[in-house]
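S.K.: Please find one structure pasted underneath; my questions will follow.
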Amino acid sequence: MTTLHTFKLASTTALALCTGLSPAFAQMTEIGAGEGALSIVAWAGYVERGETDKAFDWVTKFEASSGCKVSVKTANTSDEMVALMNEGGFDLVTASGDASLRLVAGGKVQEINKDLIPSWSTIDPRLQDAPWHTVGGKHYGVPYMWGPNVLMYNTEVFKEAPTSWNVVFEKMDLPDGKSNEGRVQAYDGPIHIADAAQYLMFHKPELGITSPYELNEDQYKAALDLLRTQRTLVSRYWHDAFIQIDDFKNEGVVASGSWPFQVNLLKADNVPVASTIPQEGATGWADTTMLHVDAAHPNCAYMWFEHQLSSNLQSDLSVWFGAVPSVPAACTDKRGMQTAEGCDANGLKDFDRIRFWTTPVSNCAQGDGACVPYYRWVSDYIGVIGGR
Amino acid sequence: MTASPAILPERGPGDRLTALFWRRPRLLLALLLGPPLIWLGVVYLGSLLALLLQSFYSIDEFSGVVKEEFTLKTYAELFRAQNLDIILRTLLMSAAVTLGCAIIAFPIAYYAARFAKGRWKAVFYLGVMLPLWSSYLVKVYAWKLILAKEGIVTWVAEHIGAGVILNAVLALPGIGGNSLSTAPLGTFLVFVYVWLPYMILPMQAALERVPTTMLEASADLGASRSQTFRTVILPLALPGVVAGSIFTFSLTMGDYIIPQIIGTSARFIGLAVYQFQGTAGNLPLAAAFAVVPIVIMLVYLAIAKRMGAFDAL
């Protein structure tokens, strides 16, 4: 134990020395010459250089014009991203809303000087000051992509799009006359509690839910009760996009919360599915590229910011991933493969009905310590899936 | 011609080193054993101890940050209803899988050890080992398709008129579900399939060591076939059965991929550890969960030892 303590003491001292000695990093004021390299922590499929599919490449041209060799470290969860950025050694991260604020609070990312990014003004105005990357009026990132969690349904069972999420939350007969038991799915992640809360927000206004990510004990309990009903309807929860695709093909699943990614792949495979955002609205994700506070290649990073907004990236990535560009013009100006119809299919028109993922914390708008924090969401959702 | 001296002069550092080792044989031993022992001690046991240490920390209720103070709070959390469920569920599944594997593996191992000769023996070994050479994930995904509602099992059952039986089995509470691939029964089947070779091989090794003379003696003394089986073969083969069961039991207990793909999504210990350390950032609880299989396996090994499973070692 003593050795461990000595070790800890030594490492904290070393850490303190490092932070003490490094100059406080102010935001950049001008972009110099590229440093020749750029390392990005990204979701799988987010930074493609034509190796998976020749048609999808938004790195090669950037490398040629900027001279910055791009290296990518893929991460599978938001927590992995936070851990990698805490470790350091990376320049950029494509953080979702449930990671971005943690990075800002932890002092791991630096303020962005948007004046150095000529295309900043082309970003969807609704995203420019979004609360998941803007803190106290300071910008800590450049919007990358966003998308909704849609309700996917089988068009042979539903001749018309379902108007409510109740098909996955309450026991009922579907339009083909058979019960929905065993024929619907739900997301196998604690953040799905927010979907239940959003449903209650619409149907039980007396609970007074104002945000599905800020729930007090009573509201939280109501959401869990709803999810317990859902457990009796769901045979298996989905966590992997390809398993859900398989379940829609082979397991007789006809309705589920999903991503446009799966909808597009199933449609391409001629499976009769479509997606909708029902009357209650939907949850969604919005990712932001953020710059590490000790980034070794800040000039290349700023070149990437501009590239990310102005090149074919926004357009092609939105096709590739089933997402919506943060630059609306990318849908129509033919810089890539995306079209206006494609953007609408991926959720562009429904922006106002989407509540974007944020990490639930105990200190919320209802007061300090009034809300149920995320780690309890995790253990309780495990209980619900286990039949508790 | 001059007489060569009894002791040759040293020709270089190599000779000096050899001489040193010759004079102090323990030094050589220490040098040879050192690296593997350091590996075992530091990398293997050290990481295990670090894990154990984590499980005595707790997570701060408000911020979700790990508090590095020793407490038993995290272990108390294991006894919450939903966590006990996970432990019990995993234990039951491991026991069932072990039993299922033993029942299926015994006749196969017995045949291979006693009757298979020459080419058939090779075929047997290949048959048992072949599934181990293909990717574990591919096998599990293949089983997902086989067991799906619109998969081949359901299809065959319906065409031979056994659809009613399949549905009756699936309607059973506790093991049934909407289809085999979403039922606990399906999880069980896939576990049995995946771990079966680990049961067959040690069993076969043990059965091969049972001398035929003993069986003949047993028959000469008038024992019936079932008596011979119960009183001679089974006790002598027990170490093999126990060795196999240690594999199937511990492998099932730690697996987190099969229950993720096949079954009702209800958590098993491995899956819970994966989720708590990953998405929840609750490392102490994940560590406490990881200690559970270790404790269970220690108890299991103690029982196996008492049954005389290691007497042959």
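S.K.: Computed over the Cα atoms, what is the radius of gyration of chain A divided by 2.2 N^0.38 Å, N being its residue count?
M.R.: Output field value: 1.04.
S.K.: List the aspartates and glutamates whose alpha-carbon lies under 13 Å from that of B:LYS144, not counting same-chain residues fewer than 8 positions away?
M.R.: A:ASP246, A:ASP247, A:GLU251
S.K.: Hey, another quick one. On a full-extension model of 0.36 nm per residue, what is the gain between B:ILE160 and B:LEU88, subtracting their alpha-carbon distance, rounded to one decimal in nm?
M.R.: Length gained, B:ILE160 through B:LEU88: 22.2 nm.
S.K.: Here's a follow-up. The protein assembly as shown: D in µm²/s via Stokes-Einstein (Kirkwood Rh, Cα pairs, 25 °C, 0.890 mPa s)?
M.R.: Translational D for this selection: 83 µm²/s.
S.K.: Please list the helices of chain B that count as membrane-span-like by this rule: a mean Kyte-Doolittle hydropathy of at least 1.0 together with Cα atoms stretching 18 Å or more along the helix axis, each helix being a complete DSSP H run.
M.R.: Qualifying helices, which must be both long enough and hydrophobic enough, are B:25-38, B:81-114, B:184-208, B:234-254, B:283-306.
S.K.: If the reach is capped at under 16 angstrom between alpha carbons, list the lysines near B:LYS67, excluding any in the same chain fewer than eight residues apart.
M.R.: Within the straight-line cut-off, B:LYS67 pairs with A:LYS8.
S.K.: Would you mind computing Rg(Cα) / (2.2 N^0.38 Å) for region A:95-214, counting N as its residues?
M.R.: 1.44
S.K.: Amide H of A:TYR144: which non-local residues (sequence gap of 5 or more, or other chain) have their own amide H closer than 5 Å, using H built in the peptide plane?
M.R.: A:ASP287, A:THR288, A:THR289
S.K.: Moving on. I'd like to compare B:195-207, A:112-124, B:223-235: which one has the highest average count of other Cβ atoms within 10 Å, and what's the full order after that?
M.R.: So the order, starting with the most tightly packed, is B:195-207, A:112-124, B:223-235.
S.K.: Given B:PRO284, B:LEU88, B:GLY222, which one lies farthest toward the positive end of the charge dipole of region B:85-306, if we put +1 on the Cβ of every Lys and Arg and -1 on the Cβ of every Asp and Glu?
M.R.: B:GLY222
S.K.: Is any residue of region A:266-291 close enough, with backbone N under 17 Å, to a label point placed 7 angstrom from the Cα of A:MET337 along the Cα-Cβ axis, and if so, which?
M.R.: Only A:266-270 fall inside the zone, counting backbone N under 17 Å.
S.K.: Sticking with this structure for a sec: Which of A:ALA55, A:ALA42, A:ALA194 moves the most in a Gaussian network model of chain A with Cα springs under 10 Å?
M.R.: A:ALA55
S.K.: Let me ask something else. As a quick test, which of the pairs B:LYS121/B:LYS305; A:LYS73/B:LYS139; A:LYS178/A:LYS249; A:LYS54/A:LYS249; A:LYS249/B:LYS139; A:LYS73/A:LYS349 have an alpha carbon distance above 21 angstrom in this structure?
M.R.: Listed pairs above 21 Å: B:LYS121/B:LYS305; A:LYS73/B:LYS139; A:LYS54/A:LYS249; A:LYS73/A:LYS349.
S.K.: Which of rounded, prolate, oblate describes region A:209-330, given a ≥ b ≥ c as roots of the alpha-carbon gyration tensor eigenvalues and a/c under 1.5 marking rounded, otherwise prolate only if a/b is larger than b/c?
M.R.: Taking the square roots of the gyration eigenvalues as a ≥ b ≥ c, region A:209-330 is oblate.
S.K.: Please work out the Cα convex hull volume for chain B and give it in Å³ per residue.
M.R.: Spelled out: Cα convex hull of chain B, divided by residues, is 291 Å³.
S.K.: List the relative contact order of chain B as a percent without decimals, with contacts defined as Cα pairs under 8 Å and 6+ residues apart.
M.R.: Computed over chain B, the figure is 23 percent.
S.K.: Where in region A:366-388 does the amide nitrogen come within less than 11 Å of the point 7 Å from the Cα of A:GLU206, taken along Cα to Cβ?
M.R.: In region A:366-388, the label zone of A:GLU206 (backbone N under 11 Å from the point 7 Å along Cα→Cβ) covers no residue.
S.K.: While we're here: In whole percent, what relative contact order does chain A give with Cα contacts below 8 Å and a gap of six or more residues?
M.R.: Here the relative contact order equals 24 percent.
S.K.: Compute the relative contact order of region A:244-367 as a whole-number percentage, counting only Cα pairs closer than 8 Å that sit 6 or more residues apart in sequence.
M.R.: Answer for region A:244-367 is 25 percent.
S.K.: Also: For a quick check: with amide H placed at 1.01 Å from N, whose amide H comes under 5 Å from A:ILE112's, ignoring anything fewer than 5 positions away on the same chain?
M.R.: A:HIS139, A:TYR140, A:GLY141
S.K.: A further question on this structure: At 0.36 nm per residue, minus the direct Cα-Cα distance, what do B:SER226 and B:ILE7 gain on full extension? Give it in nm, one decimal, please.
M.R.: Full extension of this stretch gives 71.7 nm more.
Values in this text are rule-based calculations from the coordinates and carry no lab data. Computed from a predicted model, the values in this text were never measured in an experiment. Don't worry about glycine lacking a Cβ; one is built from the backbone with ideal geometry, like all the others, and counts go over all protein chains shown.
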